[in-house]
Amino acid sequence: MITLIAEKCIGCVKCVKVCPFGVIVMKEKKAVIGDGCTLCGACETVCPVDAITIERVVKDIDLTHYSGVWVVAETEGAQRVKNVTLELLGKGRELAGLIGQSVSCILLGNNVAKFADALICHGADTVFIAESEALSRYTAEGFQPVVTGLIAQYAPCIVLFGATHAGRDLAPRVAASLGLGLTADCTGLSILDGLLLQTRPAFGGNIMADIICPYTRPQMATVRPNVMKMLQPDVNRQGTKVVVPVSIDASTFRVAIKEVRDSCQTGVMKIDEADIIVSGGRGVCTNGGFALLEELAGTLSGVVGCSRVAVDLGFRPKSVQVGQSGTTVSPKLYIAVGISGSIQHQVGMKSSDTIVAINKDPAAPIFQIADFGIVGDYREIVPAFVAEVKMNGGR
Ligand code: FAD
Ligand code: SF4
Ligand code: SF4
(Lines give C-alpha, C1' and ligand atoms only; values in the text may rest on other atoms or scores of the structure.)
(Ligands and ions follow the chains in the order given, each with its own letter.)
Protein backbone atom coordinates (compact mmCIF):
# COMPACT_ATOMS: atom_id res chain seq x y z
CA MET A 1 0.00 0.00 0.00
CA ILE A 2 1.27 3.50 -0.85
CA THR A 3 0.62 6.44 1.46
CA LEU A 4 1.27 10.10 0.77
CA ILE A 5 1.28 12.32 3.85
CA ALA A 6 -0.03 15.61 2.47
CA GLU A 7 1.10 17.65 5.50
CA LYS A 8 4.71 16.64 4.85
CA CYS A 9 4.64 17.32 1.10
CA ILE A 10 6.55 20.48 0.14
CA GLY A 11 5.40 20.38 -3.50
CA CYS A 12 8.86 19.80 -5.02
CA VAL A 13 7.32 17.78 -7.92
CA LYS A 14 10.19 15.25 -7.89
CA CYS A 15 7.82 12.32 -7.48
CA VAL A 16 5.74 13.48 -10.46
CA LYS A 17 8.86 13.55 -12.65
CA VAL A 18 10.11 10.09 -11.73
CA CYS A 19 6.85 8.14 -11.74
CA PRO A 20 7.25 5.90 -14.82
CA PHE A 21 3.54 5.20 -14.93
CA GLY A 22 2.42 8.86 -14.74
CA VAL A 23 0.01 8.38 -11.85
CA ILE A 24 1.07 11.32 -9.63
CA VAL A 25 -0.41 14.78 -10.21
CA MET A 26 -0.07 18.06 -8.34
CA LYS A 27 -3.20 19.54 -6.81
CA GLU A 28 -2.96 22.80 -4.89
CA LYS A 29 0.83 22.41 -4.68
CA LYS A 30 0.56 18.96 -3.10
CA ALA A 31 1.25 15.62 -4.77
CA VAL A 32 -1.70 13.29 -5.20
CA ILE A 33 -1.36 9.64 -6.20
CA GLY A 34 -4.01 8.47 -8.63
CA ASP A 35 -5.07 5.04 -9.84
CA GLY A 36 -2.59 2.72 -11.53
CA CYS A 37 0.24 2.85 -8.98
CA THR A 38 2.34 -0.30 -9.34
CA LEU A 39 4.29 0.19 -6.08
CA CYS A 40 7.52 0.46 -8.08
CA GLY A 41 9.04 2.67 -5.36
CA ALA A 42 10.60 5.36 -7.58
CA CYS A 43 8.69 8.21 -5.90
CA GLU A 44 9.44 6.95 -2.41
CA THR A 45 13.17 7.03 -3.18
CA VAL A 46 13.26 10.63 -4.43
CA CYS A 47 10.92 12.32 -1.96
CA PRO A 48 13.22 14.60 0.10
CA VAL A 49 10.86 14.80 3.09
CA ASP A 50 9.71 11.15 3.35
CA ALA A 51 6.16 12.12 2.52
CA ILE A 52 5.65 8.87 0.58
CA THR A 53 5.80 5.45 2.19
CA ILE A 54 5.15 2.07 0.65
CA GLU A 55 4.21 -0.90 2.76
CA ARG A 56 4.62 -4.29 1.20
CA VAL A 57 3.09 -7.05 3.24
CA VAL A 58 5.22 -10.16 2.92
CA LYS A 59 3.75 -12.12 5.82
CA ASP A 60 0.82 -14.47 5.41
CA ILE A 61 0.60 -13.85 1.70
CA ASP A 62 -1.53 -16.08 -0.46
CA LEU A 63 1.17 -17.83 -2.49
CA THR A 64 -1.40 -19.27 -4.91
CA HIS A 65 -2.07 -15.72 -6.11
CA TYR A 66 1.36 -15.72 -7.83
CA SER A 67 1.64 -17.39 -11.20
CA GLY A 68 3.98 -17.42 -14.17
CA VAL A 69 7.68 -17.72 -14.90
CA TRP A 70 9.15 -14.38 -16.00
CA VAL A 71 12.39 -13.61 -17.76
CA VAL A 72 13.80 -10.08 -17.81
CA ALA A 73 15.23 -9.72 -21.31
CA GLU A 74 18.53 -8.08 -22.07
CA THR A 75 19.44 -6.58 -25.41
CA GLU A 76 22.53 -5.01 -26.99
CA GLY A 77 20.70 -1.71 -27.45
CA ALA A 78 18.44 -2.00 -30.49
CA GLN A 79 20.87 -4.42 -32.20
CA ARG A 80 20.06 -7.85 -30.80
CA VAL A 81 18.73 -9.88 -27.90
CA LYS A 82 21.51 -11.29 -25.73
CA ASN A 83 21.84 -15.06 -25.79
CA VAL A 84 21.36 -15.32 -22.04
CA THR A 85 17.76 -14.15 -22.48
CA LEU A 86 17.05 -16.97 -24.94
CA GLU A 87 18.77 -19.45 -22.62
CA LEU A 88 16.57 -18.29 -19.73
CA LEU A 89 13.45 -18.62 -21.87
CA GLY A 90 14.42 -22.24 -22.59
CA LYS A 91 14.85 -22.93 -18.88
CA GLY A 92 11.72 -20.89 -18.13
CA ARG A 93 9.67 -23.15 -20.39
CA GLU A 94 10.96 -26.24 -18.64
CA LEU A 95 10.15 -24.80 -15.18
CA ALA A 96 6.76 -23.50 -16.29
CA GLY A 97 5.92 -26.95 -17.69
CA LEU A 98 6.72 -28.54 -14.33
CA ILE A 99 4.40 -26.20 -12.39
CA GLY A 100 1.76 -25.82 -15.10
CA GLN A 101 2.23 -22.09 -15.63
CA SER A 102 3.05 -19.73 -18.51
CA VAL A 103 6.25 -17.92 -19.51
CA SER A 104 6.44 -14.15 -19.86
CA CYS A 105 9.28 -11.86 -20.80
CA ILE A 106 9.86 -8.18 -19.97
CA LEU A 107 11.48 -6.36 -22.89
CA LEU A 108 12.77 -2.88 -22.07
CA GLY A 109 14.66 -0.50 -24.33
CA ASN A 110 14.25 1.83 -27.25
CA ASN A 111 13.21 0.38 -30.64
CA VAL A 112 13.21 -3.12 -29.19
CA ALA A 113 9.61 -4.18 -29.90
CA LYS A 114 10.94 -5.86 -33.08
CA PHE A 115 12.51 -8.55 -30.85
CA ALA A 116 9.19 -9.66 -29.36
CA ASP A 117 8.57 -12.28 -32.09
CA ALA A 118 11.99 -13.84 -31.50
CA LEU A 119 11.25 -14.06 -27.77
CA ILE A 120 7.96 -15.80 -28.51
CA CYS A 121 9.69 -18.23 -30.91
CA HIS A 122 12.16 -19.06 -28.12
CA GLY A 123 9.49 -19.82 -25.53
CA ALA A 124 7.67 -16.70 -24.27
CA ASP A 125 3.86 -16.81 -24.12
CA THR A 126 3.60 -13.11 -23.33
CA VAL A 127 6.05 -10.27 -23.95
CA PHE A 128 5.65 -7.02 -22.01
CA ILE A 129 7.22 -4.26 -24.10
CA ALA A 130 8.25 -1.00 -22.42
CA GLU A 131 9.92 1.43 -24.80
CA SER A 132 11.38 4.84 -24.08
CA GLU A 133 14.39 6.81 -25.25
CA ALA A 134 15.42 6.90 -21.58
CA LEU A 135 15.71 3.08 -21.72
CA SER A 136 18.09 3.10 -24.73
CA ARG A 137 20.84 1.75 -22.56
CA TYR A 138 20.71 0.11 -19.16
CA THR A 139 20.50 2.40 -16.16
CA ALA A 140 19.32 1.31 -12.73
CA GLU A 141 17.11 4.35 -12.37
CA GLY A 142 15.40 3.75 -15.68
CA PHE A 143 14.95 -0.03 -15.55
CA GLN A 144 14.29 -0.82 -11.89
CA PRO A 145 11.00 1.07 -11.42
CA VAL A 146 9.53 -0.42 -14.61
CA VAL A 147 10.51 -4.00 -13.74
CA THR A 148 9.42 -3.62 -10.10
CA GLY A 149 6.15 -2.06 -11.19
CA LEU A 150 5.31 -4.86 -13.61
CA ILE A 151 6.16 -7.56 -11.06
CA ALA A 152 4.06 -5.85 -8.39
CA GLN A 153 1.17 -5.51 -10.83
CA TYR A 154 1.15 -9.00 -12.38
CA ALA A 155 2.49 -11.09 -9.45
CA PRO A 156 4.60 -13.73 -11.19
CA CYS A 157 5.76 -16.80 -9.27
CA ILE A 158 9.36 -16.86 -10.55
CA VAL A 159 11.51 -14.07 -12.06
CA LEU A 160 14.83 -14.81 -13.77
CA PHE A 161 17.56 -12.33 -14.73
CA GLY A 162 20.85 -12.93 -16.57
CA ALA A 163 23.86 -12.77 -14.24
CA THR A 164 25.41 -10.19 -16.56
CA HIS A 165 26.80 -6.81 -15.53
CA ALA A 166 23.37 -5.22 -15.97
CA GLY A 167 21.43 -8.16 -14.50
CA ARG A 168 23.64 -8.27 -11.44
CA ASP A 169 22.93 -4.60 -10.87
CA LEU A 170 19.22 -4.67 -11.65
CA ALA A 171 18.07 -7.86 -9.90
CA PRO A 172 19.11 -6.93 -6.34
CA ARG A 173 17.58 -3.48 -6.74
CA VAL A 174 14.28 -5.01 -7.84
CA ALA A 175 14.45 -7.59 -5.03
CA ALA A 176 15.16 -4.91 -2.42
CA SER A 177 12.39 -2.66 -3.72
CA LEU A 178 9.92 -5.55 -3.32
CA GLY A 179 11.34 -6.70 0.02
CA LEU A 180 12.29 -10.09 -1.44
CA GLY A 181 15.27 -12.39 -1.47
CA LEU A 182 17.41 -13.16 -4.51
CA THR A 183 19.74 -16.03 -5.32
CA ALA A 184 22.64 -14.69 -7.35
CA ASP A 185 24.73 -16.49 -9.94
CA CYS A 186 22.75 -19.73 -10.16
CA THR A 187 24.21 -22.54 -12.20
CA GLY A 188 21.15 -24.78 -11.95
CA LEU A 189 17.38 -24.36 -11.57
CA SER A 190 14.75 -27.01 -11.03
CA ILE A 191 11.46 -27.55 -9.23
CA LEU A 192 11.11 -29.40 -5.92
CA ASP A 193 7.67 -29.77 -4.34
CA GLY A 194 6.45 -26.82 -6.40
CA LEU A 195 9.30 -24.55 -5.22
CA LEU A 196 12.14 -23.19 -7.32
CA LEU A 197 15.32 -25.05 -6.38
CA GLN A 198 18.14 -22.61 -7.01
CA THR A 199 21.61 -24.16 -7.20
CA ARG A 200 24.78 -22.11 -6.91
CA PRO A 201 28.38 -22.62 -5.80
CA ALA A 202 29.02 -21.81 -2.14
CA PHE A 203 32.02 -21.73 0.21
CA GLY A 204 34.49 -20.83 -2.52
CA GLY A 205 32.88 -23.23 -4.96
CA ASN A 206 33.64 -26.27 -2.82
CA ILE A 207 29.99 -27.21 -2.47
CA MET A 208 26.89 -26.62 -4.55
CA ALA A 209 24.13 -25.12 -2.38
CA ASP A 210 20.43 -25.63 -3.12
CA ILE A 211 18.38 -22.63 -2.07
CA ILE A 212 14.60 -22.42 -1.79
CA CYS A 213 12.33 -19.53 -1.03
CA PRO A 214 9.19 -20.98 0.60
CA TYR A 215 7.56 -17.88 2.15
CA THR A 216 7.68 -15.04 -0.36
CA ARG A 217 6.90 -14.49 -4.02
CA PRO A 218 8.17 -14.11 -6.61
CA GLN A 219 11.17 -16.40 -6.26
CA MET A 220 14.00 -14.51 -7.93
CA ALA A 221 17.35 -15.63 -9.32
CA THR A 222 20.13 -14.44 -11.57
CA VAL A 223 21.59 -17.11 -13.85
CA ARG A 224 24.97 -17.15 -15.50
CA PRO A 225 25.13 -16.88 -19.29
CA ASN A 226 26.07 -20.08 -21.12
CA VAL A 227 24.79 -22.37 -18.37
CA MET A 228 21.28 -23.12 -19.68
CA LYS A 229 20.61 -24.41 -23.17
CA MET A 230 18.37 -22.29 -25.39
CA LEU A 231 15.53 -23.99 -27.25
CA GLN A 232 15.47 -24.35 -31.01
CA PRO A 233 13.24 -21.45 -32.18
CA ASP A 234 9.73 -22.51 -33.17
CA VAL A 235 8.45 -20.07 -35.79
CA ASN A 236 4.91 -21.38 -35.36
CA ARG A 237 4.67 -20.44 -31.67
CA GLN A 238 2.01 -17.84 -30.92
CA GLY A 239 2.24 -15.32 -28.10
CA THR A 240 0.76 -12.11 -26.79
CA LYS A 241 2.47 -8.73 -26.93
CA VAL A 242 1.52 -6.25 -24.22
CA VAL A 243 2.69 -2.67 -24.71
CA VAL A 244 3.43 -1.06 -21.35
CA PRO A 245 3.10 2.74 -21.53
CA VAL A 246 5.98 4.38 -19.64
CA SER A 247 7.01 8.00 -19.33
CA ILE A 248 10.55 8.26 -18.07
CA ASP A 249 12.51 11.51 -17.94
CA ALA A 250 16.24 10.70 -18.04
CA SER A 251 17.05 14.23 -16.84
CA THR A 252 15.77 13.20 -13.40
CA PHE A 253 18.35 10.39 -13.08
CA ARG A 254 20.99 10.98 -10.45
CA VAL A 255 23.61 9.14 -12.53
CA ALA A 256 24.40 10.05 -16.14
CA ILE A 257 26.38 7.66 -18.35
CA LYS A 258 28.91 9.72 -20.29
CA GLU A 259 30.75 6.99 -22.15
CA VAL A 260 30.75 3.19 -22.49
CA ARG A 261 34.05 1.53 -23.36
CA ASP A 262 34.43 -2.10 -24.39
CA SER A 263 37.54 -3.51 -22.73
CA CYS A 264 37.76 -6.35 -25.28
CA GLN A 265 40.08 -5.92 -28.23
CA THR A 266 38.24 -4.79 -31.35
CA GLY A 267 37.76 -7.60 -33.84
CA VAL A 268 38.55 -10.33 -31.31
CA MET A 269 35.65 -12.65 -30.50
CA LYS A 270 34.56 -12.58 -26.87
CA ILE A 271 35.27 -15.79 -25.01
CA ASP A 272 31.62 -16.37 -24.07
CA GLU A 273 30.59 -16.24 -27.73
CA ALA A 274 33.30 -18.50 -29.19
CA ASP A 275 32.49 -21.94 -30.64
CA ILE A 276 35.97 -23.26 -29.96
CA ILE A 277 38.13 -22.40 -26.93
CA VAL A 278 41.67 -23.60 -26.33
CA SER A 279 42.31 -22.93 -22.65
CA GLY A 280 45.63 -23.03 -20.82
CA GLY A 281 46.45 -23.45 -17.14
CA ARG A 282 49.48 -23.47 -14.88
CA GLY A 283 51.00 -26.29 -16.92
CA VAL A 284 51.28 -23.93 -19.91
CA CYS A 285 52.63 -20.96 -17.94
CA THR A 286 56.14 -21.13 -19.36
CA ASN A 287 57.82 -19.17 -22.11
CA GLY A 288 56.11 -19.91 -25.39
CA GLY A 289 53.38 -22.04 -23.81
CA PHE A 290 50.46 -19.78 -24.70
CA ALA A 291 52.00 -19.04 -28.15
CA LEU A 292 51.49 -22.74 -28.93
CA LEU A 293 47.87 -22.53 -27.76
CA GLU A 294 47.31 -19.43 -29.91
CA GLU A 295 48.60 -21.34 -32.91
CA LEU A 296 46.20 -24.20 -32.19
CA ALA A 297 43.28 -21.81 -31.61
CA GLY A 298 44.14 -19.99 -34.86
CA THR A 299 44.16 -23.23 -36.84
CA LEU A 300 40.74 -24.12 -35.41
CA SER A 301 39.33 -20.54 -35.75
CA GLY A 302 38.89 -20.49 -32.00
CA VAL A 303 40.01 -18.26 -29.14
CA VAL A 304 42.37 -18.76 -26.20
CA GLY A 305 41.00 -18.94 -22.66
CA CYS A 306 42.71 -19.79 -19.39
CA SER A 307 42.43 -20.85 -15.77
CA ARG A 308 42.69 -18.36 -12.93
CA VAL A 309 46.28 -19.34 -12.22
CA ALA A 310 47.29 -18.14 -15.70
CA VAL A 311 45.71 -14.76 -14.89
CA ASP A 312 47.27 -14.58 -11.44
CA LEU A 313 50.70 -15.32 -12.91
CA GLY A 314 50.22 -12.56 -15.48
CA PHE A 315 50.14 -14.76 -18.59
CA ARG A 316 46.59 -13.87 -19.70
CA PRO A 317 44.10 -11.04 -19.06
CA LYS A 318 41.21 -11.54 -16.63
CA SER A 319 38.72 -11.07 -19.50
CA VAL A 320 39.55 -14.59 -20.80
CA GLN A 321 39.52 -16.42 -17.44
CA VAL A 322 37.09 -19.33 -17.42
CA GLY A 323 35.44 -20.37 -14.19
CA GLN A 324 33.57 -19.39 -11.09
CA SER A 325 35.24 -16.00 -10.69
CA GLY A 326 35.70 -15.57 -14.43
CA THR A 327 33.43 -16.22 -17.39
CA THR A 328 31.12 -19.19 -17.89
CA VAL A 329 31.46 -20.62 -21.38
CA SER A 330 29.62 -23.26 -23.35
CA PRO A 331 31.44 -23.71 -26.66
CA LYS A 332 31.07 -26.59 -29.08
CA LEU A 333 34.65 -27.61 -28.31
CA TYR A 334 36.69 -26.84 -25.16
CA ILE A 335 40.33 -27.95 -25.14
CA ALA A 336 41.84 -27.76 -21.64
CA VAL A 337 45.63 -27.79 -21.75
CA GLY A 338 47.69 -28.06 -18.55
CA ILE A 339 44.57 -27.44 -16.45
CA SER A 340 43.96 -29.76 -13.49
CA GLY A 341 40.17 -29.28 -13.50
CA SER A 342 39.39 -27.72 -10.11
CA ILE A 343 35.72 -27.41 -9.20
CA GLN A 344 35.98 -23.63 -9.68
CA HIS A 345 37.23 -24.14 -13.24
CA GLN A 346 34.71 -26.86 -14.05
CA VAL A 347 31.79 -24.65 -13.01
CA GLY A 348 32.69 -22.34 -15.88
CA MET A 349 33.11 -24.86 -18.71
CA LYS A 350 31.50 -28.21 -17.97
CA SER A 351 28.45 -27.52 -20.13
CA SER A 352 30.69 -27.35 -23.24
CA ASP A 353 29.48 -29.77 -25.94
CA THR A 354 32.80 -31.61 -26.25
CA ILE A 355 35.69 -31.39 -23.80
CA VAL A 356 39.23 -32.46 -24.69
CA ALA A 357 41.83 -32.54 -21.92
CA ILE A 358 45.60 -32.58 -22.40
CA ASN A 359 47.47 -33.19 -19.17
CA LYS A 360 50.58 -35.08 -18.15
CA ASP A 361 48.95 -36.31 -14.93
CA PRO A 362 46.56 -39.21 -15.66
CA ALA A 363 44.85 -38.62 -12.28
CA ALA A 364 43.98 -34.96 -13.04
CA PRO A 365 40.26 -34.34 -12.25
CA ILE A 366 39.72 -32.73 -15.66
CA PHE A 367 39.76 -36.25 -17.18
CA GLN A 368 36.61 -37.10 -15.20
CA ILE A 369 34.55 -34.64 -17.25
CA ALA A 370 36.50 -34.87 -20.53
CA ASP A 371 35.00 -36.59 -23.57
CA PHE A 372 38.54 -37.18 -24.89
CA GLY A 373 41.66 -37.25 -22.75
CA ILE A 374 45.28 -37.17 -23.89
CA VAL A 375 47.88 -37.97 -21.23
CA GLY A 376 51.22 -36.39 -22.02
CA ASP A 377 53.30 -33.24 -22.28
CA TYR A 378 51.45 -30.49 -24.11
CA ARG A 379 54.73 -29.39 -25.75
CA GLU A 380 54.66 -32.60 -27.77
CA ILE A 381 50.90 -33.00 -28.15
CA VAL A 382 49.86 -29.48 -29.18
CA PRO A 383 52.32 -29.17 -32.14
CA ALA A 384 51.23 -32.62 -33.35
CA PHE A 385 47.58 -31.52 -33.01
CA VAL A 386 48.29 -28.33 -35.04
CA ALA A 387 50.10 -30.30 -37.76
CA GLU A 388 47.20 -32.76 -37.99
CA VAL A 389 44.58 -29.99 -38.26
CA LYS A 390 46.65 -28.17 -40.90
CA MET A 391 47.08 -31.38 -42.89
CA ASN A 392 43.29 -31.65 -42.97
CA GLY A 393 42.91 -28.09 -44.22
CA GLY A 394 42.22 -26.34 -40.88
CA ARG A 395 38.76 -25.15 -40.00
P1 FAD B 1 46.89 -26.49 -11.39
O2 FAD B 1 45.78 -26.96 -10.54
O3 FAD B 1 48.18 -26.24 -10.73
O4 FAD B 1 47.06 -27.56 -12.55
C5 FAD B 1 48.07 -27.50 -13.50
C6 FAD B 1 47.99 -28.79 -14.31
O7 FAD B 1 48.90 -28.71 -15.38
C8 FAD B 1 48.27 -30.05 -13.54
O9 FAD B 1 47.16 -30.95 -13.63
C10 FAD B 1 49.51 -30.62 -14.22
O11 FAD B 1 49.48 -32.05 -14.27
C12 FAD B 1 49.40 -30.03 -15.60
N13 FAD B 1 50.68 -29.89 -16.29
C14 FAD B 1 51.82 -29.36 -15.83
N15 FAD B 1 52.76 -29.38 -16.78
C16 FAD B 1 52.21 -29.92 -17.88
C17 FAD B 1 52.69 -30.23 -19.19
N18 FAD B 1 53.93 -29.93 -19.56
N19 FAD B 1 51.83 -30.80 -20.07
C20 FAD B 1 50.56 -31.13 -19.71
N21 FAD B 1 50.07 -30.88 -18.48
C22 FAD B 1 50.87 -30.27 -17.58
N23 FAD B 1 40.19 -21.23 -11.12
C24 FAD B 1 39.80 -21.07 -12.38
O25 FAD B 1 40.38 -21.68 -13.30
N26 FAD B 1 38.77 -20.22 -12.69
C27 FAD B 1 38.09 -19.54 -11.75
O28 FAD B 1 37.18 -18.75 -12.08
C29 FAD B 1 38.45 -19.73 -10.38
N30 FAD B 1 37.80 -19.10 -9.40
C31 FAD B 1 38.12 -19.37 -8.11
C32 FAD B 1 37.36 -18.79 -7.08
C33 FAD B 1 37.67 -19.08 -5.76
C34 FAD B 1 36.81 -18.48 -4.70
C35 FAD B 1 38.75 -19.92 -5.47
C36 FAD B 1 39.08 -20.24 -4.05
C37 FAD B 1 39.52 -20.46 -6.46
C38 FAD B 1 39.23 -20.20 -7.79
N39 FAD B 1 39.97 -20.76 -8.83
C40 FAD B 1 39.56 -20.58 -10.11
C41 FAD B 1 41.26 -21.44 -8.58
C42 FAD B 1 41.12 -22.96 -8.57
O43 FAD B 1 40.82 -23.39 -7.26
C44 FAD B 1 42.43 -23.63 -9.01
O45 FAD B 1 43.47 -23.17 -8.17
C46 FAD B 1 42.81 -23.33 -10.45
O47 FAD B 1 41.74 -23.58 -11.30
C48 FAD B 1 43.97 -24.24 -10.86
O49 FAD B 1 44.43 -23.82 -12.11
P50 FAD B 1 45.24 -24.80 -13.05
O51 FAD B 1 44.41 -25.99 -13.34
O52 FAD B 1 45.73 -23.97 -14.17
O53 FAD B 1 46.51 -25.15 -12.15
FE1 SF4 C 1 5.26 5.99 -7.01
FE2 SF4 C 1 5.85 4.00 -8.71
FE3 SF4 C 1 3.39 4.27 -7.72
FE4 SF4 C 1 4.32 6.03 -9.52
S5 SF4 C 1 3.94 3.84 -9.85
S6 SF4 C 1 3.17 6.47 -7.66
S7 SF4 C 1 6.50 6.13 -8.87
S8 SF4 C 1 5.25 3.80 -6.55
FE1 SF4 D 1 5.67 16.13 -2.22
FE2 SF4 D 1 7.60 14.35 -1.81
FE3 SF4 D 1 6.34 14.46 -4.17
FE4 SF4 D 1 8.03 16.40 -3.48
S5 SF4 D 1 8.55 14.26 -3.87
S6 SF4 D 1 5.98 16.65 -4.39
S7 SF4 D 1 7.67 16.50 -1.27
S8 SF4 D 1 5.44 13.94 -2.18
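Filtering Val84, Val69, Val103, Val16 for residues that are closer than 29 Å to Thr252 by Cα and not aromatic (Phe, Trp, Tyr) leaves a single hit, Val16. Reported count of residues in segment 156-185, each being in contact with a strand residue (DSSP E or B) (Cβ under 6 Å, 6 or more places away or on another chain) and within 17 Å of Arg93 (Cα to Cα), is 5. Among the residues making up segment 25-41, those that are modelled with pLDDT under 90 and surrounded by 14 or more Cβ atoms within 10 Å (Cβ to Cβ) are Thr38, Leu39, Cys40, Gly41. Every condition in (1) at pLDDT below 95; (2) within 8 Å of ligand 1 (Cβ to nearest atom); (3) not in a loop (DSSP other than H, G, I, E, B) holds for Arg379 except the one numbered (1). Of all residues in segment 358-376, those satisfying the criterion of being within 9 Å of ligand 1 (Cβ to nearest atom) and under 34 Å from the mean Cα position of the chain (by Cα) are Ile358, Asn359, Ala364, Pro365, Ile366. Report those strands (runs of 3 or more DSSP E) wholly inside segment 132-233 carrying at least 2 residues which are within 12 Å of the chain's Cα centre (by Cα). Correct list: 158-162, 183-186, 219-223.
Filter segment 1-24 for residues that are under 16 Å from Ser247 (Cα atoms) and either open to solvent by 70 Å² or more (accessible area, probe 1.4 Å) or near ligand 2 (Cβ under 8 Å from one of its atoms) (or both) and give the result. Within segment 1-24, Lys14, Cys15, Lys17, Val18, Cys19, Pro20, Phe21, Gly22, Val23, Ile24 meet the criteria. Here Ser102 fulfils each of the conditions (1) modelled with pLDDT under 95; (2) over 18 Å from the mean Cα position of the chain (by Cα) apart from (1).
Restricting attention to segment 114-150 and to residues that are farther than 25 Å from Leu231 by Cα and of a type in the set (Val, Ile, Thr), the residue that is surrounded by the fewest Cβ atoms within 10 Å (Cβ to Cβ) turns out to be Thr139.
The values are calculated or read from the model by the stated rules, or taken from the named source; none is laboratory data. Just so it is clear, the structure is predicted and the values come from calculations on it, not from any experiment. Because the Cβ atoms are built from the backbone with ideal geometry, glycine has one as well, and the counts that use them run over all protein chains shown. The area values use the complete protein model at the heavy-atom level, side chains included, leaving out ligands, DNA and RNA. Shrake-Rupley method; radii C 1.70, N 1.55, O 1.52, S 1.80 Å.
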